[in-house]
Protein chains: 6
Amino acid sequence: MSRRYEDLTGPEILDRVTPSTTLLLPIGAVEQHGPHLPLAVDHVIAHESATAVVDACGEELDIWQLPTLSVSKSNEHAWSPGTLWYSADTMMSILRDLGRGIASTGVERLVLLNGHGGNTTLLNTALRELRLEFGLKTFLVHPSLPPAYGGSSTADELGMGIHGGLNETSVFMHLRPDLVDLSKAERKVPEALAENEFVKFGGSVMFGWLSNDFDADGYIGDPTGANADLGKRLFDANVEHLAAQMAEIVTFDFGR
Amino acid sequence: MSRRYEDLTGPEILDRVTPSTTLLLPIGAVEQHGPHLPLAVDHVIAHESATAVVDACGEELDIWQLPTLSVSKSNEHAWSPGTLWYSADTMMSILRDLGRGIASTGVERLVLLNGHGGNTTLLNTALRELRLEFGLKTFLVHPSLPPAYGGSSTADELGMGIHGGLNETSVFMHLRPDLVDLSKAERKVPEALAENEFVKFGGSVMFGWLSNDFDADGYIGDPTGANADLGKRLFDANVEHLAAQMAEIVTFDFGR
Amino acid sequence: MSRRYEDLTGPEILDRVTPSTTLLLPIGAVEQHGPHLPLAVDHVIAHESATAVVDACGEELDIWQLPTLSVSKSNEHAWSPGTLWYSADTMMSILRDLGRGIASTGVERLVLLNGHGGNTTLLNTALRELRLEFGLKTFLVHPSLPPAYGGSSTADELGMGIHGGLNETSVFMHLRPDLVDLSKAERKVPEALAENEFVKFGGSVMFGWLSNDFDADGYIGDPTGANADLGKRLFDANVEHLAAQMAEIVTFDFGR
Amino acid sequence: MSRRYEDLTGPEILDRVTPSTTLLLPIGAVEQHGPHLPLAVDHVIAHESATAVVDACGEELDIWQLPTLSVSKSNEHAWSPGTLWYSADTMMSILRDLGRGIASTGVERLVLLNGHGGNTTLLNTALRELRLEFGLKTFLVHPSLPPAYGGSSTADELGMGIHGGLNETSVFMHLRPDLVDLSKAERKVPEALAENEFVKFGGSVMFGWLSNDFDADGYIGDPTGANADLGKRLFDANVEHLAAQMAEIVTFDFGR
Amino acid sequence: MSRRYEDLTGPEILDRVTPSTTLLLPIGAVEQHGPHLPLAVDHVIAHESATAVVDACGEELDIWQLPTLSVSKSNEHAWSPGTLWYSADTMMSILRDLGRGIASTGVERLVLLNGHGGNTTLLNTALRELRLEFGLKTFLVHPSLPPAYGGSSTADELGMGIHGGLNETSVFMHLRPDLVDLSKAERKVPEALAENEFVKFGGSVMFGWLSNDFDADGYIGDPTGANADLGKRLFDANVEHLAAQMAEIVTFDFGR
Amino acid sequence: MSRRYEDLTGPEILDRVTPSTTLLLPIGAVEQHGPHLPLAVDHVIAHESATAVVDACGEELDIWQLPTLSVSKSNEHAWSPGTLWYSADTMMSILRDLGRGIASTGVERLVLLNGHGGNTTLLNTALRELRLEFGLKTFLVHPSLPPAYGGSSTADELGMGIHGGLNETSVFMHLRPDLVDLSKAERKVPEALAENEFVKFGGSVMFGWLSNDFDADGYIGDPTGANADLGKRLFDANVEHLAAQMAEIVTFDFGR
């Protein structure tokens, strides 16, 4: 049976979306990912991950899947013609408006499944805004499987395969092989950055960056070894991980 | 070959999206449509119409299809729990942000294909905003075929089958028969309104209304006779009409 | 007796402006109208039309006339030095603020009498905003008499006498003959546009335009044959039409 | 000859509104003024004062009169049903939009003639905003003649005839005698306030107040002795004073 | 004992900040003050004045001192690299947000002690906004002692020692002698301005100005004779004056 | 010598604040921290940490210290009377305005030293906004020393001493011993939360929370064992850590 929110009628909403329900909002992006990947990468991964998770445990956990938000805050790629992006203000307004509509159902839990790293901090901020303004319990999850859960190591990328790199390219090859052209991919790892102790991706000093700050081609990582098999393993493991996260989310109540 | 904008890579955008290209943005809605139709109606119709048009003439006319905007300004249904809606401000910000990204490609023409009547006036306003701010030539088309182009008559609905009525229900039955439950549909035609000379749908006096101003169930029209055959005829004729409109749009230059 | 809202005292408002009252807000513009007409055209026509209607039936229908809003959203003329214009955001804020003040009286009906076509879609959007936010019944009327009600044919202008053309110039000559200089007027009809099937004024494809998109002089129509006699006939017929519209508005209740 | 800005055509603007021109914007209000005066008071006084000044010296000083802004920031009367008021944000947006349009003419000087005291601080703030944003030389004048320039003493009102008091009522009786009903006026002077050394109207401590903070009837002063003769003397003296101010303004250049 | 608001704990707020309490918010600025004074001038003077007043009478009058707002609306110095300034919108948002937090304590009186003249009109506007929105009784005081209260005459500066002039420089020399370099100071008095009858500082015509409108060095007055002794006398007299103002404020109730 | 930005004069800014300079903005908060700590905690720690770092290496690394922002986004404590907080919009506007002023100096690097965890995600978002809008290289550091750099273990708090817990209380006792009352402190550790695998502080699922979601007293951790000695060790180690971070920041250039 469909667990798509938009497939319900108005009157059904009141019956099916209840305080024990959890709503899942996939958030994608339409932004440059280098010459080997299409703009759609984050959108496809967020949408397919959400769909797979809801297929796996939506019925059991009473999850309903909201329509995927295609475009989001991709302004680190504003320099790249064709990238579509909402400003921070627009993005927050979208989330606030959706939160208000969602809260009108009486549902208590909303999960954002975010496929675009550039949104993470804004969405994290929004979690509190929506909790304060509408009383929703709000959560943020990501489709990228951390190494601890079986993801392939990215040591070769010096931990910097963050945009169009090995894992992302592989997962996308699994999902939409027709849209990948590895022949155009090169290794784009800002080696000097790895030597930093503090100011680096995941370092203790956060820093503002645009995707062409490191290299004019605008992707970061080494996709040259990407393959669909790795992508499938990563995707499946990740969906399993998301399902485990969702199982914990649906009963979460602040330890009370 | 795909004519989906988001399937292009960043570098391809510059090659494929040129001044002679036209971009097509489908705009849906996620809003109550009575007890017989799901929230998705406008989203599905906008998306499927756009896809069919691009399939029919996208290659010939050099049209690229943007990702469908699922949610839009549905505040006439704000009273109905579960309807998702962007405020007028949010909606205008979305269009402005998209316009800026689209204009960065060098494209000259943007067409909004709007599936939700509640957006029409705001989108029409936005046409000028985007023209002034970004220099884009902007257009607004609708998937509902007017009677003059072969659509079935709605005289029985007194011309008021405007939300969940005969034609819309039929088209949706053609596209997603599994999601329609006609057994719940009734005739909801505000007969007294038809007696007005000026203040009525399509009358010379425009008026502000919410979808529960006429009837608590929130749909307007008579879907009881809807059927997929009618829906198919309407949909096909409409796609043909949209294709004719697009053919004129792609060379439009203000009569200069 | 005066039916000007602003001539009432604070305490009188509560006595005279009641749920059975209708408030009428004329909306003008201060924008270029070519070399033969002053910036004031839309302001004068909106104001005089409103005054004439209220003189004709204000007492009978319990209408009070609000102060005319002189400036409005004329950004299609932003290229023309001296045109004053409010942005869409400012204009919506003005309407929202006025709506809040108006609703504080307990009145139920507000009619916008709009003299500037560039406002129409935004005002139509505002009708719903004000209905939703303040519970007002809201209406939008226009002073230009449609052909169906006795207006002179504009076939010679190919239906495109939309800004500074025959009818508008004639009406203005009737109202303020001293401010018209027909010797400067020429025929400015974008003939090629009339050949379009869809993308044209009143066509099924709406399009974004600025007033200098067609011709650098920024007016559209053929005012060369304008005269005050025609203007008087148009104005009188239009006031009569507006009065008929108002008579229907003051009892309108959504067909309930 | 008319010195109304809106009576010019678009092409005339470029000829007549030049760097040596000064534009004058009258700003009124539509707000309660007690039971003896209509909502229109500030609007009428601002408009008539501006008109008289321009009649007196507009030709000589090259002043053009902009359309009067009827409604403004009257939120100290928000408690009074029927008062129309723009929020501080809306009011600033209006001024910014007008400033942009005005600056497009190439004019260098803009004078705000403010009839409503509740606007004064916001308009004063706006003077700098418009100077910084558009390079305009900006000025703010008021129609109420200060005692130092021959205005009648308001000692009997303890200097607190600030809203609907003796002078304002008298001036309005001169301009629109039909709209004043002195039989409803009482003395409304907050005597205790006058005993304050610092916190009072014109004292060294500014304070936030609403017009019903002092008395539920919402006017402040003693209009009981008002008369049209006094009003005429005040009005004429004030116009003379405004003309003298304008004469200085039109050559003002920061003492450079 | 400390009378700093931020030294209270959350639970203590409810005990110590009551309806009989007055909160005092010092407001500074970080803006150019010529070559002889640092950016900090207004911040230091506002902070030190507030501290001295609260030391003098905080306990007696039940005043609590809020943290000093360092930066404010200094856009008259936007031309000067390094000046930090909030836009009018940002400044109003800050005040609104602070007002909401302050009102949540149940306190009734808020006093703004403003060290930067460029804020005065905006803060005066904010007094009413905060009164209307949160019900607070709001007040605005300044640390500069007016001549009437014993301040030194600035006749030599023709009344125009308004930014970095004799008095301000002297007070600052008293407070932070190490940060003043009088050797760089010159007389910067726009003499021609003093000849104006209306358009001048404190004249009946308010005008918009930026600090480099008069002289490229951006200060206005004659600091050459400044000295710490004068500064001490001015500062002490001013604190005494502020204390007298506060004594009146804490019982002010609109003369009711 | 002072390294306070606001102690410079306008002309000095151009000499001293150059492309090789780094500006440091401490960001505090004024918010409830339980019954044992004052509202000032985050403000004091941010300010003192920044001051100590600049004392230690400001001269060597060419760092100038901006005035501490006292109040910030503390809306997780909006329920607690007296907490002052800026909305996300206000906070972003403040940062944007400061960024514009800072960029006007020609400086290239701006570091935010954030003392309030509730700001972290918004500030992280702002890093990119300021980089994109003003071209600044932007960084975010925190004064809380991570365990890996010698911080005391908080295993006893199950890793949840996040607001008013052992470390924060100890550091504050070192800095302002007079303002701490440990007798009012209790252990407030949401033990059940620690059993979660994903949804917990630092877990892979981020979640929206208000500080009274866990316990009505609004602090989280176990401050009962706090002491100034531990506080001094933590503070000193942290300053050392911040200095090391700054040393890397001042030459950071994206690995180019």
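Note on D:Thr121, D:Thr18: ascending count of other Cβ atoms within 10 Å places them as D:Thr18, D:Thr121, the fewest first. Please compute the net charge surrounding F:Leu175, taking Lys and Arg as +1 and Asp and Glu as -1 over other residues with Cβ under 12 Å from its Cβ. Surrounding charge for F:Leu175 is -3.
My understanding is that a pair violates if its Cα-Cα distance is over 22 Å; which of D:Lys73/E:Lys137; B:Lys137/C:Lys73; B:Lys73/C:Lys137 do that in this structure? The partial results should precede the final answer.
Details: D:Lys73/E:Lys137 20 Å; B:Lys137/C:Lys73 20 Å; B:Lys73/C:Lys137 20 Å.
Over 22 Å apart, Cα to Cα: no pair at all.
Taking amide hydrogens as placed 1.01 Å from N in the peptide plane, the amide H of B:Val189 sits under 5 Å from those of B:Gly221, each at least 5 positions away in sequence or on another chain. Only beta bridges with both residues in the protein assembly as shown are counted; by DSSP, about 25 percent of them are antiparallel. Of interest is the spacing of the C-alpha centroids, which for the range B:159-177 and the range E:1-32 amounts to 62 Å.
In this Cβ point-charge picture (+1 for Lys and Arg, -1 for Asp and Glu), the protein assembly as shown has a dipole of about 0 debye about its Cα centre.
3J(HN,Hα) couplings calculated from phi for the range A:4-10 with the Karplus curve 6.51 cos²θ - 1.76 cosθ + 1.60 (θ = phi - 60°) are, in sequence order, 8, 3, 6, 8, 7, 7, x Hz; Gly and Pro show x. Tell me the angle of helix A:41-61 to the major Cα principal axis of chain A, expressed in degrees between 0 and 90 and rounded to the nearest ten. Helix A:41-61 and the main axis of chain A meet at about 40 degrees. Peptide D:242-255 is shielded by partner chain Cβ atoms: per residue, an average of 5 of them sit within 10 Å of its Cβ.
Once Rh is set to the Kirkwood radius over Cα pairs, what Stokes-Einstein translational diffusion coefficient, in µm²/s, holds for the range B:1-120 at a temperature of 4 °C and a viscosity of 1.567 mPa s? Translational D for this selection: 86 µm²/s. The calculated FRET efficiency for A:Ala192 paired with A:Arg256, based on their beta-carbon distance and R0 = 56 Å, is about 0.70.
Rounded to the nearest 20, the size of the Cβ-charge dipole of chain B about its Cα centre is 540 debye, with Lys and Arg at +1 and Asp and Glu at -1.
Just counting partner chain Cβ atoms within 10 Å, what average do the residues of peptide A:210-222 show around their Cβ?
2
Label-point distances for D:Asn227 to the equivalent site in the other copies, using a point 7 angstrom along Cα→C-beta, read 5.7, 6.0, 8.9, 8.9, 10.6 nm when ranked shortest first. Within a straight-line Cα-Cα reach of under 17 Å, D:Lys232 can be paired with the following aspartates and glutamates, leaving aside sequence neighbours fewer than 8 residues apart in one chain: D:Asp42, D:Glu48, D:Asp55, D:Glu168, D:Asp178, D:Glu240. Free of any GluC sites (Glu not before Pro) that DSSP assigns to a loop and that have at most 15 other C-beta atoms within 10 Å, the longest stretch within chain B is B:1-185. Averaged over the residues of peptide B:32-43, the number of Cβ atoms from other protein chains lying within 10 Å of each residue's Cβ is 4. Think of chain C as having a plus end and a minus end, set by charges on the Cβ of Lys, Arg, Asp and Glu; of C:Thr224, C:Gly118, C:Ser183, C:Gly118 sits farthest toward the positive end of this dipole.
Can you quote the Å³ per residue value for the convex hull of the Cα atoms in the range F:5-249, rounded to an integer? Working shown, then result.
Numbers: hull volume 31.4 nm³, N = 245.
Cα convex hull per residue, to the nearest whole number: 128 Å³.
Among C:Lys137, E:Lys232, the order by Cβ neighbours within 10 angstrom, fewest to most, reads E:Lys232, C:Lys137. On the rotation that sends chain C to chain F, the chain C Cβ lying closest to the axis gives residue and distance in whole Å as C:Asp89, 8. Helix F:228-249 versus the longest principal axis of chain F: what angle, 0 to 90°, nearest 10, using Cα atoms? It is inclined by approximately 30 degrees. Panel order for C:Met206, F:Met91, by other beta carbons found within 10 Å of each beta carbon, from fewest to most: C:Met206, F:Met91. A simple packing score, the average count of other Cβ atoms within 10 Å per residue, orders the peptides F:219-226, D:97-104, E:65-72 as E:65-72, F:219-226, D:97-104, with the highest score first. With the simple model of a label 7 Å out from the Cα in the direction of the Cβ, F:Leu182 to E:Ser20 spans 3.6 nm.
Which percentage, to the nearest 5, of the DSSP beta bridges contained in the range B:5-249 is antiparallel?
So the antiparallel bridges amount to about 15 percent of the total.
Counting only the Cα atoms, the protein assembly as shown fills a convex hull of 167 Å³ per residue. Within the shell of other residues whose beta carbon sits under 13 angstrom from the beta carbon of B:Asp55, the net charge comes to -3, with Lys and Arg scored +1 and Asp and Glu -1.
Go ahead and run the numbers for FRET between F:Ala56 and A:Asn227, Cβ-Cβ distance against an R0 of 60 Å, rounding to 0.05. It comes to 0.75. Can you tell me the orientation of helix E:88-103 relative to chain E, as the angle in degrees between its alpha-carbon axis and the longest Cα principal axis, to the nearest 10? On a 0 to 90 degree scale, this one is about 30.
Taken together, the values in this text are just the output of simple stated rules run on the coordinates, not laboratory data. None of the values given here were measured: they were computed from a predicted structure. We place every Cβ from the backbone using ideal geometry, glycine too, and count neighbours over all the protein chains shown.
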